[in-house]
Amino acid sequence: MKEIDLTARSEDSTKDLLRPAALAIRDGGLVLVPTSTYYGLAADALNPDAVRRVFSAKRRDRSKPLIVLVDSLSMAATVASGIDARVKELEWRLGAKALTYVLPASPGLPAQLTAGGSTVAVRIERNDVVQELLLLAGTPITGPSANLEGEPPPSKYDQAVAQLRDWLDVGVRSWPCTASAPSTIVDLSGGEPRVLREGTVLASDVLGVLSASSP
């Protein structure tokens, strides 16, 4: 495993330091990255083999879909259809606190990414490291927490490495993640919005924004 240490003093820019991580993503590898919630396990979300490796590394139940991280609404549109005004309103009001949206899936996504379903879970990731990695890799990436199934999500780099070292191609060491909860998941794939998991954003805040913005 190659380690990229963003906490060490370096004359290189973050962009230059992250190039090996982006290359690993494009080659189907697994990369440990800090996110706006916890350390996450990143892989090319459009590569079926890479997605399968994520499940194997985490020993994850194959019936559970993966969250996909993107850097913008335009990248979100490559994996999801039906990105309507509700997504834009929630991103403007609450997106900085980490919201994941369940939306109709675009055709052709790896079956395991969606657990064979018709929807996909997407988060516009605000973490600067992930933003730069997405720009360099040029593809949406997976974003589950970097832990074995059933273990607590890791806030620190070394906690994640201890569980997944044998599977990682690159580890991006950064400062501890400071979130105290996972992202809030909002299902917007049907008529009425539903909060499937309350995390970094209160369900009442989500529904309040949607109620205020509805005609």
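All of the numbers you see were taken from the coordinates with simple rules; none came from a lab. No experiment lies behind these values; they were computed from the predicted model shown. Backbone-built Cβ (ideal geometry, glycine too); neighbour counts: all protein chains shown.
Out of Arg53, Arg62, I need the residue that is farther than 18 Å from Arg194 by Cβ and surrounded by 15 or more Cβ atoms within 10 Å (Cβ to Cβ). Which one?
So the residue among Arg53, Arg62 that is farther than 18 Å from Arg194 by Cβ and surrounded by 15 or more Cβ atoms within 10 Å (Cβ to Cβ) is Arg53.
Give the residues of region 169-197 that are among the aliphatic types (A, V, I, L, M) and within 21 Å of Ser10 (Cβ to Cβ), sorted by residue number.
Start the filter on region 169-197 by keeping residues that are among the aliphatic types (A, V, I, L, M), which leaves 170, 172, 179, 181, 185-186, 188, 195-196.
Across region 169-197, the qualifying residues are Val170, Val172.
Condition first: assigned to a loop (DSSP other than H, G, I, E, B) and either touching a Phe, Trp or Tyr at 6+ places or on another chain (Cβ under 7 Å) or closer than 23 Å to Ala21 by Cβ (or both). Now tell me which residues in region 110-133 satisfy that.
Once the filter is applied, which keeps residues that are assigned to a loop (DSSP other than H, G, I, E, B) and either touching a Phe, Trp or Tyr at 6+ places or on another chain (Cβ under 7 Å) or closer than 23 Å to Ala21 by Cβ (or both), region 110-133 yields Pro110, Glu125, Arg126, Asn127.
Of the conditions (1) farther than 22 Å from Asp61 by Cβ; (2) surrounded by 17 or more Cβ atoms within 10 Å (Cβ to Cβ); (3) not small (Gly, Ala, Ser), Thr119 clears all except one; give me its number.
Every condition holds for Thr119 apart from (1).
Which one is surrounded by the fewest Cβ atoms within 10 Å (Cβ to Cβ) among residues in region 65-88 that are among the hydrophobic types (A, V, I, L, M, F, W, C) and over 17 Å from the mean Cα position of the chain (by Cα)?
Ala85
Quick check on region 135-146: of everything there that is buried (at least 23 other Cβ atoms within 10 Å of the Cβ) and out of contact with any Lys or Arg (no Cβ under 7 Å at 6 or more places or on another chain), which residue is farthest from Leu69 (Cα to Cα)?
Filtering first and then ranking leaves Ala146.
Identify, from the list Glu125, Glu91, the residue that is of a type in the set (Asp, Glu), surrounded by 23 or more Cβ atoms within 10 Å (Cβ to Cβ) and in contact (Cβ under 8 Å) with a residue 24 or more places away in the chain.
So the residue among Glu125, Glu91 that is of a type in the set (Asp, Glu), surrounded by 23 or more Cβ atoms within 10 Å (Cβ to Cβ) and in contact (Cβ under 8 Å) with a residue 24 or more places away in the chain is Glu125.
Among the residues of region 13-41, how many are under 21 Å from Pro110 (Cα atoms), in contact with a strand residue (DSSP E or B) (Cβ under 7 Å, 6 or more places away or on another chain) and of a type in the set (Gly, Ala, Ser)?
Adding up the residues that qualify gives 4.
If you check Pro104 against the conditions, is it part of a strand (DSSP E or B) and surrounded by fewer than 18 Cβ atoms within 10 Å (Cβ to Cβ)?
Yes.
Within the set of pairs 6+ apart or on separate chains, which have a first residue in region 183-197 that is hydrophobic (A, V, I, L, M, F, W, C), a second that is in a loop (DSSP other than H, G, I, E, B), and C-beta atoms under 7 Å apart?
Here the result reads Val186/Pro193, each pair linking region 183-197 to a residue that is in a loop (DSSP other than H, G, I, E, B).
Please count how many residues of region 59-78 are in contact with a Leu (Cβ under 6 Å, 6 or more places away or on another chain) and closer than 25 Å to Asp128 by Cα.
2
With the requirement that a residue be more than 22 Å from Ala80 (Cα to Cα) and not polar (S, T, N, Q), what does region 180-197 give you?
Once the filter is applied, which keeps residues that are more than 22 Å from Ala80 (Cα to Cα) and not polar (S, T, N, Q), region 180-197 yields only Ala181.
Select from region 2-19 the residues that are in a loop (DSSP other than H, G, I, E, B) and surrounded by 15 or more Cβ atoms within 10 Å (Cβ to Cβ) and list them in ascending order.
Leu6, Leu18
Of the residues Gly95, Gly40, only one is closer than 23 Å to Leu136 by Cα and in a strand (DSSP E or B); which?
Gly40
What is the number of the single condition among (1) outside any helix (DSSP H, G or I); (2) among the hydrophobic types (A, V, I, L, M, F, W, C); (3) farther than 19 Å from Ser183 by Cα that Ala22 does not meet?
Against the list (1) outside any helix (DSSP H, G or I); (2) among the hydrophobic types (A, V, I, L, M, F, W, C); (3) farther than 19 Å from Ser183 by Cα, Ala22 comes up short only on (1).
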